[in-house]
1. Any idea which of (1) among the small types (Gly, Ala, Ser); (2) in contact (Cβ under 8 Å) with a residue 12 or more places away in the chain; (3) within 24 Å of Pro35 (Cβ to Cβ) is the one Ala164 doesn't satisfy?
2. Restricting attention to region 71-92, which residues are among the aromatic types (Phe, Trp, Tyr) and modelled with pLDDT of 95 or more?
3. Under 9 Å between Cβ atoms, at least 6 apart or on separate chains: pull out the pairs that start in region 61-84 with a residue that is among the basic types (Lys, Arg) and end on any residue that is surrounded by 18 or more Cβ atoms within 10 Å (Cβ to Cβ).
4. Sort out which residues of region 144-173 are of a type in the set (Ser, Thr, Tyr) and exposed (fewer than 13 other Cβ atoms within 10 Å of the Cβ), and write them in order of number.
5. Any idea how many residues of region 131-178 are in a loop (DSSP other than H, G, I, E, B) and either closer than 23 Å to Phe74 by Cβ or among the aliphatic types (A, V, I, L, M) (or both)?
6. Is there any pair with a first residue in region 129-145 that is touching a residue at least 40 places away in the same chain (Cβ under 8 Å) and a second that is surrounded by fewer than 18 Cβ atoms within 10 Å (Cβ to Cβ) and in a helix (DSSP H, G or I) whose Cβ atoms are under 6 Å apart and which are 6 or more apart or on different chains, and what are they?
Amino acid sequence: MVARQIPTSPRFALRVLGLVPLWLVSIAILVEGFPRPPVSGAAAIAAFIGAVLLSVVALWKRWMSIALAFVSFFPLYLMGVFDEITTAYKTPFILVCAVLLTVGAVVALRLSSRPMLAALSLIVTLSIVVLLASHATAGFWRMTDALGYYRCFPDAPGCAPLPAQATPWWVLFFTLAD
């Protein structure tokens, strides 16, 4: 049996270029948080503007579908899901979601000759990301409650930082219910 190779055509490469806005938006939403986020305000604005401009060009040139453009800006929804979570947890949560969205988008690109399957793969991907993000957020707030944080957000000005024994981000993201 011969393994199927990833297409190396220039057309496929240009379609993969349509994934760049997803990462630019993901980088842009890292700007909000405490302690100091890993992305400056100027870099976040530049990333977001770059995502919009690249999306417009990619849509115009048909390197990107409307569905992929929607997926590219989906991290904006995640910004609300992860609101008020300390940067030490929010940053990896957002980046893992971006990886999952990228995998789903690549699968959809591979299935582009079958539009219904491509759309289904994007819907399943978005559903998985929403469920994992919600699960991680709920786990974070359960952890902070267990650590005694009330009316105070960990690492926020005037509040204590998370202690060393705090549950690692990946445990909150990937483990099933407690």
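1. It fails just one condition, (2).
2. If the condition is that a residue be among the aromatic types (Phe, Trp, Tyr) and modelled with pLDDT of 95 or more, then Phe73, Phe74, Tyr77 are the ones that fit.
3. Close Cβ pairs (under 9 Å, with a partner that is surrounded by 18 or more Cβ atoms within 10 Å (Cβ to Cβ)) amount to Arg62/Arg15.
4. Of everything in region 144-173, just one residue is of a type in the set (Ser, Thr, Tyr) and exposed (fewer than 13 other Cβ atoms within 10 Å of the Cβ), namely Tyr150.
5. Number satisfying all stated conditions: 8.
6. Every condition considered, the pairs that remain are Val129/Leu100.
Per-residue answers, yes or no, for (1) under 12 Å from the mean Cα position of the chain (by Cα); (2) hydrophobic (A, V, I, L, M, F, W, C):
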site: Leu76; (1), (2): yes, yes
site: Ala108; (1), (2): no, yes
site: Ser121; (1), (2): no, no
site: Pro154; (1), (2): no, no
site: Pro161; (1), (2): no, no
site: Thr175; (1), (2): no, no
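The values are calculated or read from the model by the stated rules, or taken from the named source; none is laboratory data. Not measured: the values here are computed from a predicted model. Please note: Cβ atoms are built from the backbone with ideal geometry, for glycine as well, and neighbour counts cover all protein chains shown.
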